[in-house]
Amino acid sequence: MNQFNDFNFSGKRALIRVDFNVPIKDGKITDGTRINAALPTIEKVLKDGGSVILMSHWGRPLKDIEKKPHLTLADFTLAPVAVYLAEKLGKPITFIADCMSEEASQKAASLKPGEVMLLENLRYYKQEEKGDRDFAEKLSKLGDVYINDAFGTAHRAHASTAIIADFFSSDKKMFGYLMENEVKAAEQVLHNAQRPFTAIIGGAKVSDKILIIENLLEKATDIIIGGGMAYTFFKAKGCHIGNSLCEDDRLETASNLLQKAAEKGVSIHLPSDSIIADKFDAQANTSSANNTEIPEGWMGLDVGQIACDTFSKVIRNSKTILWNGPMGVFEMEKFQHGTKCIADAVTDATADGAFSLVGGGDSVAAVNKFGYANKVSYVSTGGGAMLEFFEGKVLPGIAAIKQ
Ligand code: AMP
């Protein structure tokens, strides 16, 4: 499916749902990765001789203002994005302060080829998150063609990400380049994985990752479990884990997952040792310990060297790799070694021909931190969306276009 690339946008107004939910501090964008990722789509439309109407959400204005009344809508404006984008595209951007206004309709109707306009944060209206049909229909009138390039919000059935697609015929709605690449990479891993297929699941909590592990038990040959969530598995096996992170209400879940894996012949690799610390602190005293016997008063904050070596061997032997979640508290230097070892193994395997997909906020932050983003096959821009995709759910943003 390459509908977007083959479409000629000459004289057409392309209404593009992007994910410009980027970090902004003091009115400046501190990480423009998501905006940069949407540029090829915007540039293709402009190059064809079309015009562009961009729409996105930013944060959760209405919910946050309710909780913190000192905030106002202005604290959630997309205006800094217009400045950033104008610089990147080398042309002025018309910023529309109210996406439902008469001004929005008039400006959109009079856009000339090569012109770009950006609508203010769609979530200023509660109808956006509610998936309101009238709101979606009104937005749809702004463009001739609808393009969804917002993988980061594809798991939401919101007005601009899913419902709006109902108001365009099938030849007038499509994925942009970014969305197409995300879906292609995710589908390759979930539906076309060459084996051995290793999933590396890390991060803080078992509870966040149960569904993804369960679904991967149907797909992967090996599942590596690291990070804070590993200690719940060790406690479930009756080991002493000291003060390590543990979800006591998930001990049974952890045991069940191990049992299911054994039944299905999937190898689960738990870290046999840890770097332990006497407190959760960058300056903590550290030591190493076997995960069956972490002393009282100590906590595992990274996988140990034996685990690194074992995990690396499994990864280097894989043909498909999915990585979600860090192996330890990689934000602190003393506890980043495990995550870095895994990143090394993933990039080596990729150089040897494996397909590697890194998805989910913190593992993406880790590969960026270590400068490995260009050495893996694909780094996903969608945290929650990628997780839900690998949990086996149908994402409304994808379904709305593919139907
Ligand atoms: P998640 O968002 O679930 O992927 O979790 C990522 C977070 O888990 C990161 O901020 C890590 O610092 C944290 N983390 C990883 N390993 C540990 C650990 N052993 N103990 C406590 N937190 C951890």
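The values are calculated or read from the model by the stated rules, or taken from the named source; none is laboratory data. The shown structure was predicted, so the numbers you read here are calculated from the model rather than taken from an experiment. Ideal geometry is used to build each Cβ from the backbone, glycine not excepted, and the neighbour counts take in all protein chains shown. Just the protein is used for accessible areas: all its heavy atoms, side chains included, with ligands, DNA and RNA removed. Shrake-Rupley method; radii C 1.70, N 1.55, O 1.52, S 1.80 Å.
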Q) So how many residues does region 75-115 have that are aliphatic (A, V, I, L, M), more than 26 Å from the chain's Cα centre (by Cα) and assigned to a helix (DSSP H, G or I)? A) 3
Q: Only helices (runs of 4 or more DSSP H) wholly contained in region 1-73 count here; list those with 1 or more residues that are open to solvent by 70 Å² or more (accessible area, probe 1.4 Å), touching a Leu at 6+ places or on another chain (Cβ under 6 Å) and within 29 Å of VAL145 (Cα to Cα).
A: none
Q. Among the residues of region 243-282, how many are loosely packed, with under 14 Cβ neighbours inside 10 Å and within 16 Å of the ligand (Cβ to nearest atom)?
A. 5
(Q) I'm trying to understand the selection: among the residues of region 128-151, which are under 20 Å from LEU387 (Cβ atoms) and open to solvent by 10 Å² or more (accessible area, probe 1.4 Å)? (A) GLU129
Q.
I need the full set of residues from region 214-242 which are assigned to a loop (DSSP other than H, G, I, E, B), within 11 Å of the ligand (Cβ to nearest atom) and out of contact with any Cys (no Cβ under 9 Å at 6 or more places or on another chain), in order please.
A. GLY226, GLY227, MET229
Q. Does any residue of region 85-92 turn out to be in contact with a Gly (Cβ under 8 Å, 6 or more places away or on another chain), without any contact (Cβ under 8 Å) to a residue 40 or more places away in the chain and surrounded by fewer than 22 Cβ atoms within 10 Å (Cβ to Cβ)?
A. yes
Q: Please give the strands (runs of 3 or more DSSP E) falling wholly within region 287-403 in which 2 or more residues are within 15 Å of the ligand (Cβ to nearest atom).
A: 299-303, 320-324
Q: Quick one: count up the residues across region 214-242 that are open to solvent by 20 Å² or more (accessible area, probe 1.4 Å) and over 21 Å from SER274 (Cβ atoms).
A: 5
(Q) Which count do you get for residues in region 355-366 that are crowded, with 24+ Cβ neighbours inside 10 Å and either more than 23 Å from ALA277 (Cα to Cα) or not assigned by TED's automatic domain parsing to the domain that holds ALA307 (or both)? (A) 5
Q.
What pairs come out if I take residues in region 330-346 that are within 16 Å of ILE223 (Cα to Cα) and pair them with residues that are within 10 Å of the ligand (Cβ to nearest atom) and among the aromatic types (Phe, Trp, Tyr) whose C-beta lies under 6 Å away, six or more apart or interchain?
A. THR339/PHE330
Q.
Looking at region 311-323, can you tell me whether even one residue there is over 30 Å from HIS191 (Cα atoms) and either at pLDDT 95 or above or surrounded by fewer than 16 Cβ atoms within 10 Å (Cβ to Cβ) (or both)?
A. no
Q: Mind telling me which of the residues GLY238, GLY203 ends up being modelled with pLDDT under 95 and of a type outside the set (Phe, Trp, Tyr)?
A: GLY203
(Q) within 16 Å of the ligand (Cβ to nearest atom) and surrounded by 24 or more Cβ atoms within 10 Å (Cβ to Cβ): is that true of LEU211 in this structure? (A) no
**Q.** Odd one out for LYS107 among (1) touching a residue at least 24 places away in the same chain (Cβ under 8 Å); (2) closer than 16 Å to ILE16 by Cβ; (3) open to solvent by 40 Å² or more (accessible area, probe 1.4 Å)
**A.** (1)
